[in-house]
Amino acid sequence: MAGIMGGGRRVRATLIGIHCGTLALLAATLLAALVAVDLVLGDELPGATHGGNDKWLEPARSRLMQARDALPFFPHRANTRGNVVLQPRDFESAEVCGACHTEIYRQWRSSMMSQAWDEPVYRALLKLASEATEGRVDTFCTGCHSPIGLTTGQITAELNRSSVEDSAREHPLPGVDCESCHNISARTGLDNGAYVMTPRAHGRSTKFGPRKDAVSPYHDTVYSALHTRSDFCATCHNVTHPFSSVAVERTYDEWLESPYSLNGETCQDCHMPGFAGRAAIMGPEREHVASHWFSGANATLLSYLGQDEAAQRARDMLARAARIEFQDLPDRVRPGEYVEVAVKVSNVGAGHKLPTGFPEGREIWIDLRVTDASGRQVYRLGAVKDGETEEGTRNFKVHLGDRDGNVLDIEVWKATQILSDNRILPKGYIVREFSFRVPADAVGPLTLHADLNYWPFSQKLADFLLGPNELQVEVTRMAQVSGRVALSVELARLP
């Protein structure tokens, strides 16, 4: 717990600088290319301009990092047509959109997307990162938590370091709202917000979306194949450290390399499942309208924000994601004997690793309890103690490290390496083993019960960021399994 144990002390981050060399001609060429970004990019198939697997060719990081003028919101990779800073008046509020898209607005309003800017854990981490890096990451995180705030130039260090309450009162910004997604005309890469924001193509309010027959009396509509594909999500759900190039989050890549991708199942299929109805009140009845709940796994914050129905959808999604089972439990053991128990955890419903995203917090673990017939607990591993999973817990998590190999629980801005990653692949499984001694006076049979638990961040992390008792972190049970083992009358022979 390197970040937490440091208490509230200020951290001086050691960041790897960006070496802007002498590639002036290359920078100018790339700048011109980005200025000329056309709407047709949104309709191109992945890899169409690269002739192969564009995962490794994009985001052409070395060239972009040299062409600083081509990244007006550096180190975030968002762009606009002409590389200009947009005006707040270029965008509508979500409430205006909701006047016609009533059901979609209602769904979105209960999502974490709508709270992406005002969510308290994010803002507490943003404040720490801004202060520790002397503002060098001020635009980086905010470009995916408030795209409009970034591209209109409203993001400042002062705003990033203010409280949620003060910023909401003095300088409110939208999170990831309707305009944030439906003003994206193209992408220039697959991470760090590499989207192109185009709110007023041809001088008129323009919305990009997945339908070729969409017509609106209020704004122009442009069909965008990009909005139907998972690489649209990649722009913010792949995160590369802007200075050390560590792959901090790779949810899109995890999907890309999974059976779901090979079978044509997209991010939208799971997180925006369709419903029958109208996308807009004056629009036609459709058999499939993409839902905008954006269901994920953060029941804790949704409950904290008063979105109880959305929190339950998160729990339901977690319950569909995994399965837990015992492997080859012994039929009978002797009192005094050491027992080996194998527990298999399978990723049966998530198109990415379990868990994915936000490596500082997200953790899945096995809580194994063994009791005898008298109700006495003879073994347990996986309890929460002092706000975190106890030492030795069989968990599934990624750990980031600094250049000295220290685990980073908060100070992700110092990350230079991935120390470990034992998360479960899509359609994959992992077997974890437990060993314990049966007491000589145990009363048979033994009952074994294993819970597969999840939280988006530990209680210790929440208490550090927000203060004790401000937010109660929910431990969500994803799956469970029970089994029984008989005891022999004969005692084990001790060495």
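Between 390, 360, 411, which is open to solvent by 20 Å² or more (accessible area, probe 1.4 Å) and touching a residue at least 60 places away in the same chain (Cβ under 8 Å)?
It is 360.
Residues checked against (1) under 11 Å from residue 230 (Cα atoms); (2) touching a residue at least 40 places away in the same chain (Cβ under 8 Å):
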residue: 251; (1), (2): yes, yes
residue: 254; (1), (2): no, yes
residue: 263; (1), (2): no, no
residue: 274; (1), (2): no, no
residue: 282; (1), (2): no, yes
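Out of all the residues in region 224-238, is one or more of a type in the set (A, V, I, L, M), outside any helix (DSSP H, G or I) and out of contact with any Ser or Thr (no Cβ under 6 Å at 6 or more places or on another chain)?
No - not one qualifying residue is present in region 224-238.
Is there a residue in region 77-91 that is more than 25 Å from residue 234 (Cα to Cα), modelled with pLDDT of 95 or more and in contact with a helix residue (DSSP H, G or I) (Cβ under 6 Å, 6 or more places away or on another chain)?
no
Name the residue, out of 465, 461, 452, 448, that is under 28 Å from residue 323 (Cβ atoms), part of a helix (DSSP H, G or I), hydrophobic (A, V, I, L, M, F, W, C) and open to solvent by less than 50 Å² (accessible area, probe 1.4 Å). Steps first, answer last, please.
On the way: 465 fails: under 28 Å from residue 323 (Cβ atoms); 452 fails: part of a helix (DSSP H, G or I); 448 fails: part of a helix (DSSP H, G or I).
On inspection, the qualifying residue turns out to be 461.
Within region 114-133, track down each residue that is part of a loop (DSSP other than H, G, I, E, B) and either open to solvent by less than 10 Å² (accessible area, probe 1.4 Å) or touching a Phe, Trp or Tyr at 6+ places or on another chain (Cβ under 8 Å) (or both).
114, 116, 117, 133
Take residue 105 and decide whether it is at pLDDT 95 or above and under 18 Å from residue 76 (Cβ atoms).
Details: at pLDDT 95 or above: yes; under 18 Å from residue 76 (Cβ atoms): no.
In short, no.
Filter region 296-345 down to the residues that are part of a loop (DSSP other than H, G, I, E, B) and closer than 20 Å to residue 423 by Cβ and list them by number.
296, 297, 298
Kindly provide the set of residues from region 136-158 that are without any contact (Cβ under 8 Å) to a residue 60 or more places away in the chain, over 17 Å from residue 197 (Cα atoms) and open to solvent by less than 20 Å² (accessible area, probe 1.4 Å), ordered by number.
138
Looking only at region 368-387, filter to residues that are open to solvent by less than 50 Å² (accessible area, probe 1.4 Å) and in contact (Cβ under 8 Å) with a residue 60 or more places away in the chain; which one of those is farthest from residue 445 (Cα to Cα)?
Within region 368-387, the match that is farthest from residue 445 (Cα to Cα) is 387.
I'd like to verify a number: residues in region 157-212 that are within 24 Å of the chain's Cα centre (by Cα), in a loop (DSSP other than H, G, I, E, B) and of a type in the set (S, T, N, Q), how many?
Number of matching residues: 5.
The values are calculated or read from the model by the stated rules, or taken from the named source; none is laboratory data. All of these numbers come straight from a predicted model, not from anything done at the bench. Counting neighbours? That spans all protein chains shown, and the Cβs are built from the backbone with ideal geometry, glycine included. What goes into the accessible areas is simple: the full protein's heavy atoms, side chains included, and nothing from ligands, DNA or RNA. Shrake-Rupley method; radii C 1.70, N 1.55, O 1.52, S 1.80 Å.
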